[in-house]
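The values are calculated or read from the model by the stated rules, or taken from the named source; none is laboratory data. Just so it is clear, the structure is predicted and the values come from calculations on it, not from any experiment. Reconstructed Cβ throughout: ideal geometry from the backbone, glycine too, with neighbour counts over all protein chains shown.
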There are 2 protein chains.
Amino acid sequence: MDIRTPSTTHLTDAQRIDWLRLIRSDNVGPRTFRSLINHFGSARAALERLPDLARRGGAARSGRIRSEDDARTELAASQRLGVSLLAPDEAGYPPRLAVLDDAPPLLGVRGALEALMRPVIAIVGSRNASGAGLKLAGTLARDLGDAGFVIASGLARGIDQAAHRASIESGTVAVLAGGHDRIYPPEHEDLLAKIIGNGGAAISEMPMGHVPRARDFPRRNRLISGAALGVVVVEAALRSGSLITARIAAEQGREVFAVPGSPLDPRAAGTNDLIKQGATLTTCAADVIDAVEPIMGRPIELREPDDDPLAHEPDASDRARITGLLGPTPILLDDLIRMAETSPAMARTVLLELELAGRLERHGGGLVSLI
Amino acid sequence: MDIRTPSTTHLTDAQRIDWLRLIRSDNVGPRTFRSLINHFGSARAALERLPDLARRGGAARSGRIRSEDDARTELAASQRLGVSLLAPDEAGYPPRLAVLDDAPPLLGVRGALEALMRPVIAIVGSRNASGAGLKLAGTLARDLGDAGFVIASGLARGIDQAAHRASIESGTVAVLAGGHDRIYPPEHEDLLAKIIGNGGAAISEMPMGHVPRARDFPRRNRLISGAALGVVVVEAALRSGSLITARIAAEQGREVFAVPGSPLDPRAAGTNDLIKQGATLTTCAADVIDAVEPIMGRPIELREPDDDPLAHEPDASDRARITGLLGPTPILLDDLIRMAETSPAMARTVLLELELAGRLERHGGGLVSLI
C-alpha cells in the first residue's frame, strides 16, 4: 500500500489497525509515518523495526509502541461516535489535504463525507472579534456557501463561529484541535451538532479522548488551510493564531485572503499586514471566487514520491557528523546537508533515526533542531 | 525659448506677457501652447498666427486672443498678492510638475518658492471624512513632514485640511482650483494664510479672479499629483474626486498609496478598491517613505521633445479624412492615425488646428473627440 497515490483503495481492517498503531506510537509523525511505510512496505513491518531504528538514533529507551488492543479500543470508540478513520486515498478524505507532505495518515472524519469532497474555503479570524468582523465573516461565509463552497473553520469563538453559523445550510466543516469527543470550547458542542445535522462534517487527526493543548492549535491550523483552496482572514491582531494559519496556507501554496480595516483598529493590524505581504485584499465573496476559480479546474498535484531515506545505511561516523551539526537552534535541512558534506538521502536517514529516538524536532519550512 | 529643458533661464518681462497672452487665449491649453511655442519659436510669433490656424481648423469666427493690456492687468494683480507667474524652467516651479506634458506654461506661485523645490508627498481624501480618517491624515502628514517631505493637498474640507494643518510647521503646499484671490472654500482663507506665513506655498494655473467651477477640480488634481512623488488617499468613497487624483497619479507614473478600512465603511470603499488595483496599502508614514526613497535619488526624466506637428502641412483631403473619422465619442489618437492611414505628425497638425478652432476635446490617455 502506497499512501502517495490517491485511489479508491481501501485499507483492510487489519491494515487500519496497524496504521493506527504506527501513527499513535511515540515519535511517529505524519512525515515519519510516510517514510516508514514507503521503506518497509507496510505499517506491520515498520512496527517490528521501530525499536531497532530508535536505538540507532540514540534513544535511551525505546519509545512506546501503541498496542493492538489500544488501537482496537480507539477504533471502536471512534465508530461509536460515527467517526471514520480514513487514509488519504480513501473517499471522504479531503483531496487537497490528502496530497500534503504531512497529511495525517488517518484522519478522523465525522458527518457527511460528501461535504469534504467539495471545494473548500477556510474562514478564520480573532476570537475577540468586533461586531463588524462577525458580520463580515457571516456575509462572506453565506455568499461563498451560496456559490457552492464548503466553509472550513476552527469552531472557535468569534470569527470561526460566525463563519460556521452562516454556512450551516450550505455546508461547513469544523476542524478540531482535540479528539472528536473533546470539543473546544465546550459551549460549541451545540453548534457542532447543528453542523453535523445539516450535512456538514468535523475532522481531527487526534485520538479520541485527546484534550486540546495550546500547541495543538497551530498543528491543527495546517489542516484548516490544507483542506481548502484558500484561507480568508477576517480580523487578526499582530502575532495571532490566524496569522499562523495564513503563513502555513502560503507555504502550502494556498491562496491567502485578508479583510482590510482601519489602521487605528488593532484587530485589523494583522490582516492589513498580510495584504502588505501579498495577500489578496478581500471585501466580498467575489474577490475570493475570482482568485480561486482558475485553480479549481486544475488537477490536484500529487505529492512527489519521497526519496527513501532508509535505503541509505549510515555508519557511525555519518551519524556523528550529522548529529554533531545539530543543536537546539533550528537550522535548514539544506544547510545541514551542505555542511555535513553528505547526500540528502543519508542525512534524512539519520534524521529519521533521531526522530524515532525522540531527539529531533521538525519545524516548518525545512527547519530541524535537536531536542 | 524652449520650455522643454529645465534650466535657470528666465523669461524677460516682454516674453512673460506674450506667454500669458497665449495661454489665456481661447482654445489654447498647456499642450497646444507647447506645440505652438515649439513650432513658431516664440509666443509672440504664435499669437500672430493663431487666427489663421483656427480658420484652417474650421472655426466659424476666430477665438478670442488675450490682449496685451489684459495680460498686464493680470500680471499686476498677481504681483500685488505676491503671486509669481513662473515658467517650467524657472526656479520655484515644482520640478516634477515641470516635466509633465501638460505642465502649466505659467504657474501662479505664492509663498516660499523653496518649499516647492523639496520632495513633495500629496495627501488627499474625502471632504466628508470620519474622525479616524482625519486623525490618520494628520498623523501621516506630521510624520512625513518630520521626515523632510512637503505635503501637498487641495485645501478642501476634511482630509485635505487635516493634512495641511498637521504639516504647517514642516511645510505644506495648497494647490488651488481657482485664482489665488478666489480661495475655495472661503473659510479656509485663514488656513491658507497660516500655510503661507509658515514657509509653505500655494499654486494655481488659473487667472486671478477665476472662481473655481466643478470641472476645474479634476484639472487641478493633476497638479497635486504632478508636483508629488506619490499620492496618499486616506478615505475615499467610490466615484469620488480623490480617486480621479489617484488615477491621474498612476498615469503620471506617481506612486499611489491608499489607507485601508473596513468593507462596511463606505468611506473606505474607494481606498480598498485602489489597493485591489495595485496601490500600496498604507498604515503609516514608513510605508510611503519605503516606496518613494528609491525614486528620490533618481534624476527627473525630461520630457521627450514633441514631433513638431506644424512642420507637416496637411492639404484639404488630409483634413477631411482625419476630421471625418472623429466624432463625439472619444477615440484613441493611435487608432485615428492608423485608420486615417496618415503620419502621426500630419494627424497632430490637423488636431492642433481643430483644437485652436475650438472643435476638439482632448481627454486623458490619448483620447480625442469632436465637440
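Restricting attention to the stretch A:242-273, which residues are within 26 Å of the chain's Cα centre (by Cα), outside any helix (DSSP H, G or I) and at the interface with chain B (Cβ under 8 Å from one of its Cβ atoms)?
Selection gives A:259 alone.
Would a scan of the stretch A:60-67 turn up a residue that is assigned to a helix (DSSP H, G or I) and either at negative phi or surrounded by 20 or more Cβ atoms within 10 Å (Cβ to Cβ) (or both)?
First, the residues of the stretch A:60-67 that are assigned to a helix (DSSP H, G or I): none.
Scanning the stretch A:60-67, I find no residue that is assigned to a helix (DSSP H, G or I) and either at negative phi or surrounded by 20 or more Cβ atoms within 10 Å (Cβ to Cβ) (or both), so the answer is no.
Output the number of the condition that residue B:129 fails; it satisfies all remaining conditions of (1) in a loop (DSSP other than H, G, I, E, B); (2) more than 21 Å from residue B:96 (Cα to Cα); (3) more than 14 Å from chain A (Cβ to nearest Cβ).
Single failed check for residue B:129: (3).
For residue A:64, all conditions in the list (1) of a type outside the set (S, T, N, Q); (2) more than 17 Å from residue A:106 (Cα to Cα); (3) touching a helix residue (DSSP H, G or I) at 6+ places or on another chain (Cβ under 8 Å) hold save one; what is the number of the exception?
(3)
Can you find a residue that is within 14 Å of chain B (Cβ to nearest Cβ) and surrounded by fewer than 17 Cβ atoms within 10 Å (Cβ to Cβ) anywhere in the stretch A:215-236?
Checked the stretch A:215-236: no residue is within 14 Å of chain B (Cβ to nearest Cβ) and surrounded by fewer than 17 Cβ atoms within 10 Å (Cβ to Cβ).
Looking at the stretch A:274-283, is at least one residue out of contact with any Phe, Trp or Tyr (no Cβ under 6 Å at 6 or more places or on another chain), under 14 Å from residue A:124 (Cα atoms) and more than 11 Å from every other protein chain (Cβ to nearest Cβ)?
no
To keep it simple, each residue is scored yes or no on (1) modelled with pLDDT of 85 or more; (2) farther than 23 Å from residue A:28 by Cβ; (3) touching a helix residue (DSSP H, G or I) at 6+ places or on another chain (Cβ under 6 Å).
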residue	(1), (2), (3)
A:291	yes, yes, no
A:304	no, no, no
A:307	no, no, yes
A:311	no, no, no
A:321	yes, yes, yes
A:325	yes, yes, yes
A:365	no, no, no
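Out of B:241, B:230, B:226, B:199, which single residue is modelled with pLDDT under 95 and of a type outside the set (Lys, Arg)?
B:241
Scan the stretch B:87-125 for residues that are under 24 Å from residue B:189 (Cβ atoms), more than 14 Å from every other protein chain (Cβ to nearest Cβ), in contact (Cβ under 8 Å) with a residue 60 or more places away in the chain and not aliphatic (A, V, I, L, M) and report the count.
Residues meeting the conditions: 6.
If you scan the stretch B:1-26, which residues turn out to be crowded, with 20+ Cβ neighbours inside 10 Å and either under 24 Å from residue B:362 (Cβ atoms) or at pLDDT below 95 (or both)? So that I can check it myself, show each step before the final result.
If we filter the stretch B:1-26 for residues that are crowded, with 20+ Cβ neighbours inside 10 Å, which is where we start, we get B:3, B:11, B:16-23, B:25.
Residues satisfying the conditions are B:3, B:11, B:18, B:19, B:20, B:21, B:22, B:23, B:25.
Restricting the first residue to the stretch B:58-75 and requiring it to be in contact (Cβ under 8 Å) with a residue 12 or more places away in the chain, which pairs with a second residue that is assigned to a helix (DSSP H, G or I) and among the β-branched types (Val, Ile, Thr) meet a Cβ separation below 8 Å and a spacing of at least six or different chains?
Between residues of the stretch B:58-75 that are in contact (Cβ under 8 Å) with a residue 12 or more places away in the chain and residues that are assigned to a helix (DSSP H, G or I) and among the β-branched types (Val, Ile, Thr), the close pairs are B:58/B:323; B:68/B:17; B:71/B:17; B:72/B:17; B:75/B:17.
How many residues are part of a helix (DSSP H, G or I) and small (Gly, Ala, Ser) if we restrict to the stretch A:27-49? Walk me through it before giving the result.
Restricting attention to the stretch A:27-49, the residues satisfying the condition of being part of a helix (DSSP H, G or I) are A:30-40, A:43-49.
Those still in the list that are small (Gly, Ala, Ser) too: A:35, A:43, A:45-46.
Residues meeting the conditions: 4.
Kindly list the number of the only condition in (1) within 20 Å of residue A:362 (Cα to Cα); (2) buried (at least 19 other Cβ atoms within 10 Å of the Cβ) that fails for residue A:29.
(2) is the only condition that residue A:29 fails.
Does residue B:151 satisfy the criteria of being of a type in the set (A, V, I, L, M), outside any loop (DSSP other than H, G, I, E, B), out of contact with any Asp or Glu (no Cβ under 9 Å at 6 or more places or on another chain) and surrounded by 23 or more Cβ atoms within 10 Å (Cβ to Cβ)? Walk me through it before giving the result.
Details: of a type in the set (A, V, I, L, M): yes; outside any loop (DSSP other than H, G, I, E, B): yes; out of contact with any Asp or Glu (no Cβ under 9 Å at 6 or more places or on another chain): yes; surrounded by 23 or more Cβ atoms within 10 Å (Cβ to Cβ): yes.
Here the answer is yes, as residue B:151 does meet what is asked.
Within the stretch A:319-357, work out how many residues are part of a loop (DSSP other than H, G, I, E, B), in contact with a Pro (Cβ under 9 Å, 6 or more places away or on another chain) and under 24 Å from residue A:63 (Cβ atoms). Show your work before the answer.
Taking the stretch A:319-357 and keeping what is part of a loop (DSSP other than H, G, I, E, B), we get A:326-330, A:341-343, A:357.
Next, from what is left, pick out any that are in contact with a Pro (Cβ under 9 Å, 6 or more places away or on another chain): A:342.
Next cut, under 24 Å from residue A:63 (Cβ atoms) only: none.
Within the stretch A:319-357, residues that are part of a loop (DSSP other than H, G, I, E, B), in contact with a Pro (Cβ under 9 Å, 6 or more places away or on another chain) and under 24 Å from residue A:63 (Cβ atoms) number 0.
Just to be sure, is residue B:177 buried (at least 22 other Cβ atoms within 10 Å of the Cβ), over 21 Å from residue B:284 (Cα atoms) and in contact with a strand residue (DSSP E or B) (Cβ under 6 Å, 6 or more places away or on another chain)?
Details: buried (at least 22 other Cβ atoms within 10 Å of the Cβ): yes; over 21 Å from residue B:284 (Cα atoms): yes; in contact with a strand residue (DSSP E or B) (Cβ under 6 Å, 6 or more places away or on another chain): no.
The answer is no for residue B:177.
Restricting attention to the stretch A:272-290, which residues are of a type in the set (Asp, Glu), surrounded by 16 or more Cβ atoms within 10 Å (Cβ to Cβ) and more than 15 Å from residue B:274 (Cα to Cα)? Steps first, answer last, please.
Of the stretch A:272-290, the ones of a type in the set (Asp, Glu) are A:273, A:287, A:290.
Checking the rest, the ones that are also surrounded by 16 or more Cβ atoms within 10 Å (Cβ to Cβ) come to A:273, A:287.
Of everything in the stretch A:272-290, just one residue is of a type in the set (Asp, Glu), surrounded by 16 or more Cβ atoms within 10 Å (Cβ to Cβ) and more than 15 Å from residue B:274 (Cα to Cα), namely A:273.
So which residues in the stretch B:207-220 are closer than 21 Å to residue B:85 by Cβ and not in a loop (DSSP other than H, G, I, E, B), if there are any at all? Before you say what the answer is, go through the steps one by one.
Narrowing the stretch B:207-220 to residues closer than 21 Å to residue B:85 by Cβ: B:207-212, B:216, B:219-220.
Within the stretch B:207-220, B:216, B:219, B:220 meet the criteria.
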